[in-house]
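Step one of this worksheet: look at the structure below.
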Amino acid sequence: MRRAYKKHKISPDGIYNEVVVSQFINKVMKSGKKTIAQKIVYAAFNIIKDKTKKEPLEIFKLAIENASPLLEVKPKRIGGATYQVPMEVRGERRLALATKWILDAARAKKGKPMAEKLAAELMDCVNNQGNAIKKKADTHRMAEANKAFARFAR
């Protein structure tokens, strides 16, 4: 039997004192350059604050919530055939998928600084549009299409 995975303790970020923002910064980070990742995220938050005149942390949390999937499909082999079985997504994975999709969507945009692209994608997520929301909808659609195989879920 495998040993249980020991979860890392992530300390909250310096400005907003939130663990979720700290995790997001860690996901933005490339090649261990954390200060650059922090500058990008905080610059994006400042852009959001300027454009919406609202608290960027609330907008960030709402964007993550809107981009978080409820269902996903997981492949399961049964009797030589592989079925795409729809399963509920647990909390930590929902957060991880939402942040990944938001960052992928922001990185896919061209011609602007990363902070602007990230701010635009976060605001799109709040308004239930953009590529991250599209990805969530695709995931839900796939789960809905394979609802017949839900009986294999365990």
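A short reminder: the numbers here are calculations on the coordinates, not readings from a lab. Quick caveat, the model's predicted, so the values are computed rather than measured. Cβ atoms come from the backbone with ideal geometry, glycine included; neighbour counts cover every protein chain shown.
At-a-glance table
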| quantity | calculated |
| --- | --- |
| Region 136-154, residues that are touching a residue at least 40 places away in the same chain (Cβ under 8 Å) and under 17 Å from the mean Cα position of the chain (by Cα) | Lys136, Thr139, His140 |
| Residue tally, condition free of Cβ contacts under 8 Å to residues at least 60 places away in the same chain and surrounded by fewer than 20 Cβ atoms within 10 Å (Cβ to Cβ), over region 54-84 | 13 |
| Yes/no for Met87 being surrounded by fewer than 19 Cβ atoms within 10 Å (Cβ to Cβ) and in contact (Cβ under 8 Å) with a residue 40 or more places away in the chain | yes |
| Residues being closer than 21 Å to Ile47 by Cα and outside any helix (DSSP H, G or I) - total across region 104-154 | 9 |
| Region 99-129, subset more than 17 Å from Ile25 (Cα to Cα) and of a type in the set (A, V, I, L, M), residue surrounded by the most Cβ atoms within 10 Å (Cβ to Cβ) | Val126 |
| In region 16-51, the residues that are free of Cβ contacts under 8 Å to residues at least 40 places away in the same chain, in contact with a helix residue (DSSP H, G or I) (Cβ under 6 Å, 6 or more places away or on another chain) and under 15 Å from Leu103 (Cα atoms) | Ile25, Met29, Ala37, Gln38 |
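Residue-wise test of (1) surrounded by 19 or more Cβ atoms within 10 Å (Cβ to Cβ); (2) under 24 Å from Asn127 (Cα atoms).
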| residue | (1), (2) |
| --- | --- |
| Lys9 | no, no |
| Phe24 | yes, yes |
| Lys30 | no, no |
| Ile36 | no, no |
| Lys39 | no, no |
| Lys49 | no, yes |
| Thr52 | no, yes |
